[in-house]
Amino acid sequence: MPRLTSVLLLLFLLSCDNDRGERNPYLQEIGFRFDMNLNLPLYSPLTNLGNAVFVDTPGTGIKGIFVIKSNFDQYRAFEASCPNHIPNECSTMSLDGQIVTCNCEGYEYYLFTGQQKDRPDDGQRYYNLLEYQATVSGNVVVVTN
């Protein structure tokens with residue numbers, strides 16, 4: 001019986017997969033935590049559904065983050081550096097409502113989904129926005145990676 005338990009445990013451990021999908025080769029995933037108090041004027045737009053803000057506090061993401069209120073009690077946070085090339089002087093995207101645009105190539109992305117808008121059909125591999133974990137605790141949105 002102990003041998004059977006050992007075999008089953010081994011099979012269980014081998015079947016676990018911690019792969020989070022295909023890794024973006026352009027963006028390094030760094031660890032950080034950023035708290036956004038929705039009572040502060042800078043983040044108060046996030047109290048309304050569909051509103052987004054750009055946070056460029058040093059150490060928050062690679063080039064900053066975009067946060068959007070995507071549902072009545074849900075927020076989504078994404079890296080502000082364009083996901084389809086190495087970060088450089090023009091890779092910080094611009095926010096326009098619920099769309100962010102890469103200043104290098106003009107690629108556009110939806111903040112509600114993180115998906116690229118009008119993806120070119122040229123056979124190249126394109127990446128969606130790098131998403132970070134966003135949780136709500138009272139009146140504070142906590143973004144982590």
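Charging the Cβ of each Asp and Glu at -1 and of each Lys and Arg at +1, and nothing else, the dipole of the chain about its Cα centre rounds to 460 debye.
Sorted from greatest to least, the principal axis extents spanned by the alpha carbons of the chain come out as 62, 45, 27 Å.
Here, each number is a calculation from the coordinates, and none is a lab measurement. Everything quoted here is computed from the prediction, not taken from an experiment. Counting neighbours? That spans all protein chains shown, and the Cβs are built from the backbone with ideal geometry, glycine included.
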